[in-house]
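Just so it is clear, none of the values below were taken in a lab; they were calculated from the coordinates. These figures come from a predicted structure and were not determined experimentally. Here the Cβ is made from the backbone with ideal geometry for all residues, glycine too, and neighbour counts use every protein chain on show.
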Amino acid sequence: MLKALKNTRLDVKVALLGASGVLITAIALVALAVWHSGQYNQLAQSEVEQLINADLDHITQGVYQIIKTANEAVQSQVDYNLNVARHLLEAAGKVSLATDTVSWTVTNQFTRQSDQLNLPKLLIGNTWVGQHADLAVEAPIVDPVTRLVGETATIFQRMNADGDMLRVATTVRTKENQRAIGTYIPAVNPDGSKNPVVAAILRGETYHGRAYVVNAWYLTAYEPLRDGSGNLVGMLYVGVKQKDVESRVRKAILQTRVGKTGYVYVLGGNGEARGRYIISHKGERDGENIWNSRDGDGRYVVQTIIHTAAGLKPGEMATERYRWQNPGEPAPRWKIARLAYYGPWDWIIGTSVYLDELQTYRTLLAEGRLRMTRGMGIAGVIITVLVGLIGMLIAWTITRPVRQMTVVAEKIAGGNLHQKVNVESSDEIGVLGHTFNVMADRLNQSIEGLKKSEEKYRGIFENAIEGLFRETPDGQLINANPAMARILGYDSPEALISSITDVRRQLYVNPKDRQALDTIISEFRDAIGWETRLYRKDGVQIWASISARMIRDKTGKRAFVEGFVTDISDRKMAEEDLAESRNYLDEIINAIADPLFVKDRYHRWILVNNAMCAFMGQPREKLIGKSDYDFLSKEEADVFWSKDELVLTSGETNINEETLTDAEGIVHTLLTKKNLYTDKQGTAYIVAIIRDITDQKLAEAEKTRLEARLTQAQKMEAIGTLAGGIAHDFNNILQPMMGYSELLKHSLNGDGPQQRYVDGLYQSCMRAKELVNQILTFSRQSENKTVAVRIQTILKEVIKLSRSTIPSYIEINQKIRKDCPPVVIDPTQLHQIAMNLIVNAYHAVEDSGGKITVCLKEIVLEKNDGLATSLQPGRYAVLSIADTGYGMDATMMDKIFEPYFTTKPQGKGTGLGLSVVYGIVKNLDGEIKVYSEVGQGTTINIYLPASADAAGKALSPKTQNHPTGNERILLVDDESLIVESATAILTELGYQVTSQSSSVEALEHFRNHPDAFDLVITDMTMPIMTGEQMAEQMMRINPLTPIIICTGFSEQISRGKAKAIGIKAFLMKPVTIAEMSRKVRTVLDQSSDTMAA
């Protein structure tokens, strides 16, 4: 090759040399221009796409704000209309319901089902609103409202307790151009959900918003109507048809243009309008349902758009890409849509543009780049050819022109692109010089373009906020921008690059972090947001976020690493502060002794304190993310769920008592307070605190039970006081009756009928006396006195008494054995046992009208008998009371002898009857057995030890001789009949009696004649001065005179006090002659013995 060039002619060499030099230079310059133009083209395309995306966002947000502004304006108009309607209604008079009714044919506005219904007439003032379907007939209130505001109005009447609302007067029209009266809004929508309008009215709130009215959607306001008593009787409505409002914003949306072919459209989101064009491109497809439309790839793209947009929050946007073909277009084209959702109108807003418009910009940029490259390439080829031709033609003149062009070329190569070749001829050398000058101009233009592109890139590099860097794989910095130097504390990038020779050791606090970063970018080519700590120049550690990528050469070897660094120290400090605050909050929450938790919208625990974990018996990690249904029974979880949902829907604090069964089956009573918390994003949470008040509730129940027992005891005390007063008065009445009957008996001779009459009178007095003793025993103001009693006699008396109070339709059977032996018992207690058991049996059969059976028999228990375990062997009287009532289960039978336990309703029992019977029987060494089955009845057997005294207690008096005397007796009683009868008895016994009916006069007489009496008999209760007070005075006057207190109530003075003041004896009214004669004689004899001594 070199040998051939040596033999070539000089002009050829010059031509070849010039052509090859120019060709190489042109190729290098074109390559450099192509590379720089490619970078500029890529950057320009990215900026164009960002501008288009920003334009889509701006247009979408603008349309959203137009709709929002229109809605707010209409809502203000609706509020004004509602005020007008309210003032007209108040001026017409109060709303009320008449007593007479009117028939309505009511039609559900959703299902169109009709029914007949009678409702009271709705009156405004005293005027019925009527049933005016004809628009020509004036309807009260609603027509004036419509005339004033130009929009619809309605008066509703409440149909039922559920809250269904009937239109009784309206300017809303049906499709037949009639008033829509008779149509109603149901409280529950066809899909089972609560109607939001009726729900708000039932809560007493005014509803504002979009609502379906008869046959179209309206922007509405509804307000409760109440009568004079505050009862909800209906509601008042005003509204503007949404179609009318849509027309206001339709024109603005249709006139909105996006690029050349893009446009804005609106779709319905839910209900019947779901997937239907509300506003289409140019309005040509308005009303068309495109829900099932597919894009060019067969996807249901409209359904995807609606599902995506319906989940957006106010002001939030989303993007969807798809291939779309409008009617009349030959093929689908790629399209990008920016989406937003306006909830109050249920509108899906889409701002769309075809991607081929974006491609147009890309094509324009690429074509410009191609034209420039082609031009430079062609110019280079032309120059090369021309240089070669000219060189061969003017080789002989080449020395000077070549030298001149060489000088100019060297200057141009040195960067002075403004140099020109001096063309002195018009021959080939001149043409070459001229062409050289043209090439220099074009090179100058290309270089200037490249410089501008480089300056723009350099501006981005120099002014970026993030630190940009490039380094070798072994950690040597190649390049860095000022932000990188500033982040690391250096004065300039040059100072940084010269100072850092190994970033792993000099910059990274933990060199292993750089090793881990190298591993990631080597394996995945890049790393985004890698966080680590770096050293600044001053040694201060900072937190940095590094995003880097690995660049490889053509052979695949690692060439260098480039990326950017962000100083995140402030963010890290904020995160640490937040973590510290969170730990502080956790410590506070966990220090709370009561269980505390936070739930999300789906009723799942997202925060619990230690007390809550302990209460649930579960660790925190098992509770978080779970709900009540994961740990509690469905019944209890349903209750908690409903209370939580109430807080979430109403937003009101909920405080209530709830029950919870723990893992051991123990039921706890909880006092729970639940509040609603909503964060900045509008997400709702439940914050609750629990207090276990089980012990408190048990204590309250025990307190209530003790209070009931105290109340019952107070009642019994009051009854006892009343019984004592009754006994005293009754004994005073009995005293003269008994005295006169005995005196009459002694005055009669023989066994004639008069004698029987007197015996009967006497026995009645004795039974009355026993009755008083029973009253005193019942009131616990008299001691029980046990005697041998024949059960048959008292049992028949109780049955006779009960029969008079138990209805005749309830049968009482008697199986009383006459040979049953007597028992040792207080007759009053026996009476109480029988009465309590018969009353209980009556209550058991009261509703069903069953049967009561009373049995009495004798049994003899041996050692081997079953009952011998609780009873001693021997003879027993068995009293059985059986009924055919509702019976008892085993649980109830275990409690029937507990004090105050009762199954009877209020007013029919105190729960003391069976407990009293049980105590009496056990005190007598007896036994009580209960047999019962639910639905079969109950039998109660009383086992009482039989007495060896076969005669029993006798009530008839026996004629006997009474002790007599002739001493002087002062008799004092405020009852004249008692004074008269007692004087007669004492006189009959031979005594000298001075009687007084006033204690004051008796004391005065005694003071005047202190030695005139051997004995004083005085009543206890007397006006002005009691017998006790009089006795004390008399003992001071003459302490040797014995005194007997005669009273109808033994508790009025204690025996100890009586003995202290010198009272010798007591006589309990009514007193028989035998009792009086013995007591008087005994006291007188004792007094004589004392005086003799």
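For the range 791-945, a crude dipole built from +1 on the beta carbon of Lys and Arg and -1 on the beta carbon of Asp and Glu, taken about the Cα centre, is about 400 debye to the nearest 20. Applying 1/(1 + (r/R0)^6) with R0 = 22 Å to the Cβ-Cβ distance of Val824 and Lys796, what FRET efficiency is obtained, to the nearest 0.05? Taking R0 as 22 Å, the efficiency between Val824 and Lys796 is 0.65. Once the Cβ-Cβ distance of Arg705 and Thr206 is raised to the sixth power relative to R0 = 56 Å, the FRET efficiency obtained is 0.70.
Dipole magnitude for the range 93-242: about 220 debye, using +1 per Lys or Arg Cβ and -1 per Asp or Glu Cβ, origin at the Cα centre.
When only the Cβ of Lys, Arg, Asp and Glu is charged (+1, +1, -1, -1), the dipole of the range 464-568 relative to its Cα centre reaches about 260 debye.
With each label modelled as a point 7 angstrom along the Cα→C-beta vector, the Ser1088-Ser804 pair spans 4.9 nm.
What list do you get for Ile305, Ile833, Ile460 if you sort them by fewest beta carbons within 10 Å?
Working: Ile305 22, Ile833 29, Ile460 12.
Lowest count first: Ile460, Ile305, Ile833.
In the structure shown, the pairs Lys796/Lys922; Lys815/Lys895; Lys895/Lys929 are assessed against 19 Å; a Cα-Cα span above that value is assigned to Lys796/Lys922; Lys815/Lys895. A full extension of the chain between Asn444 and Asp526 corresponds to an added length of 25.7 nm, given 0.36 nm per residue minus the alpha carbon distance. Dividing the mean sequence gap of close Cα pairs (under 8 Å, 6+ apart) by how many residues the range 791-945 holds gives a relative contact order of 23 percent. Looking at the square roots a ≥ b ≥ c of the eigenvalues of the Cα gyration tensor of the range 260-304, which shape do they give, rounded for a/c under 1.5, prolate if a/b is larger than b/c, or oblate? Since a/c reaches 1.5 but b/c is at least a/b, the shape of the range 260-304 is classed as oblate.
Run the numbers on the range 592-692 and let me know its relative contact order in percent, using alpha-carbon pairs under 8 Å that are six or more apart. Could you put the intermediate results ahead of the total?
Details: 178 pairs, mean separation 28.0, N = 101.
So the answer I get is 28 percent.
With a cap of 15 neighbouring Cβ atoms within 10 Å, and only residues DSSP puts in a loop, list the trypsin sites (Lys or Arg not before Pro) found in the range 505-543. The partial results should precede the final answer.
Details: sites: Arg505, Lys512, Arg514, Arg525, Arg533, Arg536, Lys537; in loops: Arg525, Arg536, Lys537.
Answer by residue number: Arg525, Arg536, Lys537.
Centre-to-centre, using Cα atoms only, the range 613-663 and the range 53-96 are separated by 41 Å.
Expressed in nm to one decimal, what extension gain is obtained for the pair Met892 and Ile568 from 0.36 nm per residue of sequence separation less their Cα-Cα distance?
Extending this stretch completely gives an extra 109.2 nm.
Cross-link partners for Lys1064 among the lysines, with Cα-Cα distance under 26 Å and sequence neighbours closer than 8 places in the same chain left out: Lys769, Lys785, Lys1079. Residue ranges 484-497, 653-666, 234-247 sort as 234-247, 484-497, 653-666 when ordered by packing (mean number of other C-beta atoms within 10 Å per residue, highest first). Length gained on full extension, Gln255 to Thr501: 82.4 nm, using 0.36 nm per residue less the C-alpha separation.
Here's how it looks for Leu670: its modeled amide H is under 5 Å from those of Glu658, Thr659, Leu660, Ile693, which are all 5 or more places away or on a different chain. The ranking of Thr704, Thr1026 from fewest to most other beta carbons within 10 Å of each one's beta carbon is Thr704, Thr1026. Site pair Ala579 and Ala663 shows an inter-label distance of 3.2 nm when each label is modelled 7 Å from Cα along Cα→Cβ.
Over 24 Å apart at the Cα level, from the set Lys674/Lys697; Lys243/Lys282; Lys260/Lys335; Lys68/Lys643; Lys335/Lys680, are Lys68/Lys643; Lys335/Lys680.
Assign one of three labels to the range 592-692, namely rounded, prolate or oblate, based on the Cα gyration tensor with a ≥ b ≥ c the square roots of its eigenvalues; rounded applies when a/c is under 1.5, prolate when it is not and a/b is larger than b/c, and oblate otherwise. It comes out prolate by the Cα gyration axes. One Cα centroid belongs to the range 972-1031, the other to the range 215-254; the line between them spans 98 Å. For the range 316-345, backbone nitrogen atoms closer than 15 Å to the point 7 Å from Asn53 Cα along Cα-to-C-beta are found at 317-321, 336-339.
Projecting label points 7 angstrom from Cα along Cα→Cβ for Asn510 and Asn749 puts them 13.7 nm apart.
The ranking of His87, His132 by Cβ neighbour count inside 10 Å, starting from the fewest, reads His87, His132. Sites listed here are GluC sites (Glu not before Pro) in the range 62-156 whose DSSP assignment is loop and whose Cβ has at most 11 other Cβ atoms within 10 Å: Glu138.
Phi angles across the range 988-1001 convert, under the Karplus curve 6.51 cos²θ - 1.76 cosθ + 1.60 with θ = phi - 60°, into 3J(HN,Hα) values of 4, 7, x, 8, 8, 10, 10, 10, 9, 9, 10, 5, 5, 5 Hz, Gly and Pro given as x. Considering only Pro827, Tyr943, Val878, the residue lying farthest towards the positive end of the dipole of the range 791-945 is Pro827, judged by Cα position with unit charges set on Cβ.
Looking at the square roots a ≥ b ≥ c of the eigenvalues of the Cα gyration tensor of the range 464-568, which shape do they give, rounded for a/c under 1.5, prolate if a/b is larger than b/c, or oblate? Display every interim value, and only then the final one.
Details: a/c = 1.67, a/b = 1.40, b/c = 1.19.
It is prolate, given that a/c is not under 1.5 and a/b is the larger ratio.
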